[in-house]
Amino acid sequence: MPVEGPLWVVREFVNTYDVEKDVEALPDAADLTAWLRYAGLLGATETAAYADVRHARTLREGIRELLTANHDGTPAATAAAILDAETRRVRLRPHFTPTGLQYAADGTSADRALGGLLAVIAQAMADGTWQRLKVCSNDTCRWAFYDASRSGAGRWCSMAVCGNRRKAQTYRARRRESA
């Protein structure tokens, strides 16, 4: 797996919902708290509340939709509006330090943690690495992955799984048409 820098946390966050298996890793505040701690976004004594779960899921699905544009160029105005609204809600703002630009969010512990995710996204958009984070083109998968291909044209979370499924589907469709 390639080094993807700080974007790993965004990839992991998007993948807290498995579309194919319909498995939610953030069903409640305790699980959100545990995940945010795992990601290093929440301190050991900080917790998330029930309302934070709704905000986190909304943000996650907005990010997933925005990632779709990174491989198919589909306009993602609604997804961008979701991230913009969450950015305003957590009051994310730039903060200049002697070592460079950082971002800070206000609000609850979970708001600041979600602001940390948004800050990673903002930085990745600024430095050009954002376009490498994508979601699988397989509509039943939609797993987030980092595209490390030389051309940046990757479309599948795994060529061996989703890419191979698509190739087989295309092959069978062509065979049916020619028969």
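For the stretch 69-91, residues that are of a type in the set (Val, Ile, Thr) and modelled with pLDDT under 90 total 1. Residue-level check: of (1) under 22 Å from Asp18 (Cβ atoms); (2) surrounded by 12 or more Cβ atoms within 10 Å (Cβ to Cβ); (3) not charged (D, E, K, R), Ala80 misses just (1). Being closer than 24 Å to Glu4 by Cβ, free of Cβ contacts under 8 Å to residues at least 12 places away in the same chain and within 15 Å of the chain's Cα centre (by Cα) holds for only one residue in Ala126, Ala39, Ala119, Ala76, and it is Ala76. Residues of the stretch 8-22 that are aliphatic (A, V, I, L, M), within 14 Å of Arg57 (Cα to Cα) and assigned to a helix (DSSP H, G or I): Val10, Val14.
Among the residues of the stretch 34-48, those that are of a type outside the set (D, E, K, R), in a loop (DSSP other than H, G, I, E, B) and at negative phi comprise Ala39, Leu41, Leu42, Gly43, Ala44, Thr45, Thr47, Ala48. Does any residue of the stretch 49-65 turn out to be assigned to a loop (DSSP other than H, G, I, E, B), open to solvent by 10 Å² or more (accessible area, probe 1.4 Å) and out of contact with any helix residue (DSSP H, G or I) (no Cβ under 9 Å at 6 or more places or on another chain)? Within the stretch 49-65, not a single residue is assigned to a loop (DSSP other than H, G, I, E, B), open to solvent by 10 Å² or more (accessible area, probe 1.4 Å) and out of contact with any helix residue (DSSP H, G or I) (no Cβ under 9 Å at 6 or more places or on another chain).
All of (1) at pLDDT 95 or above; (2) of a type outside the set (Ser, Thr, Tyr); (3) on the phi > 0 side of the Ramachandran plot hold for Asp52 with one exception: (3).
Considering (1) open to solvent by 60 Å² or more (accessible area, probe 1.4 Å); (2) in contact (Cβ under 8 Å) with a residue 60 or more places away in the chain; (3) within 15 Å of Asn15 (Cα to Cα), say which one Arg132 fails and leave the rest. It fails just one condition, (3).
Of the residues making up the stretch 22-38, at least one is acidic (Asp, Glu) and open to solvent by 70 Å² or more (accessible area, probe 1.4 Å).
The values are calculated or read from the model by the stated rules, or taken from the named source; none is laboratory data. Quantities reported herein were computed from a predicted structural model and do not represent experimental measurements. In this analysis, Cβ positions are derived from the backbone assuming ideal geometry, glycine residues included, and neighbour counts consider all displayed protein chains. Heads up: the accessible areas ignore ligands, DNA and RNA and are worked out on the full protein's heavy atoms, side chains in. Shrake-Rupley method; radii C 1.70, N 1.55, O 1.52, S 1.80 Å.
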